[in-house]
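Note sheet for the following structure.
Rule-based calculations on the coordinates, nothing more; no lab input. Every value quoted in this text rests on a predicted model; they were computed, and no experiment measured them. Positions of Cβ are backbone-derived with ideal geometry, glycine not excepted, and every protein chain shown enters the neighbour counts.
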Amino acid sequence: MQDPNFPPKISPLRPVPNLIFASRWLQLPLYLGLIAAQAVYVFHFWVELVHLLEAAFGSKTALEALVSSIGYKSTVPLTGLNETVIMLVVLALIDVVMISNLLIMVIVGGYETFVSRMGLQGHPDQPEWLSHVNASVLKVKLATAIIGISSIHLLKTFINADNYSDKVLIAQTAIHITFLLSSIAIAYTDKIMSGIASSKPH
């Protein structure tokens, strides 16, 4: 009988299964690449924030940089920040934050699920969702995050609607609805699969 005080002895894997299992570490450079991409987003966020602060204090160069980055056009030459420009810039900053959150979810959740355990149990900063993450949960959370990002993009387009054609507005709305329906389908499928798995006898 196995002593509960001692973990069960794990037999070593045969060479081929061991090689296949070790191949999961090939994903490590991918997650490191995503960390580098997040650093680029952090740099972009601060560049836009600095431009916004400088424009608020009357910098024409910073104002032109902001207007160019958000694609805002006005029939009247801008002499300073207006509510629409501020709103579009803030939405762009929120968009960067949401994409950064998505990156963290993919990096941490993906590494924990597909590469190796991180051993964060009991850590005060352990994400709440990480304690029960798996491939299905990660898929649903990613779909939800993509909907949030798409919503921000759609709101930016509607605020700046004068600079877009009706075709572009309709296309972006259709794409957002497609994301929404896809997310619902993924969540519903996951619910069905979870129900099937829980109903199986153990």
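Quick notes on this one:
- By the count of neighbouring beta-carbon atoms within 10 Å, fewest first, 162, 95 end up ordered 162, 95.
- Helical content of the chain, expressed as a calculated mean residue ellipticity at 222 nm, amounts to -24000 deg cm²/dmol (DSSP H runs of 4 or more residues, -39,500 (n - 2.57) each, divided by residue number, nearest 500).
- Net +/- balance of residues flanking residue 113 in space, Cβ distance below 12 Å, scoring K and R +1, D and E -1: +3
- Gain upon complete extension [residue 162, residue 20; 0.36 nm per residue less C-alpha separation]: 45.6 nm
- Residue 87-residue 113 FRET efficiency (beta carbon distance; Förster radius 30 Å; 0.05 resolution): 0.20
- Sorted by Cβ density within 10 Å, fewest first, the residues 42, 96: 42, 96
- Cβ-placed point charges (K, R +1; D, E -1), dipole of the chain about Cα centre in debye, nearest 20: 800
- Rh by Kirkwood over Cα pairs, then Stokes-Einstein D for the stretch 68-158 at 1.002 mPa s and 20 °C, µm²/s: 137
- Taken as entire DSSP H runs, the helices of the chain that both span 24 Å or more between Cα atoms along their own long axis and average 0.0 or more on the Kyte-Doolittle scale are 28-56, 83-114, 135-159, 166-199.
- Simple spin-label estimate for residue 57 and residue 120 in nanometres, 7 Å along Cα-Cβ: 3.7
- The order of 155, 28, going from fewest to most other C-beta atoms within 10 Å of their C-beta, is 28, 155.
- Length available on full extension from residue 185 to residue 155: 0.36 nm per residue minus the Cα-Cα distance, which gives 8.4 nm.
- Rounded to the nearest angstrom and listed largest first, the equivalent-ellipsoid semi-axes of the chain from its Cα gyration tensor are 45, 22, 14.
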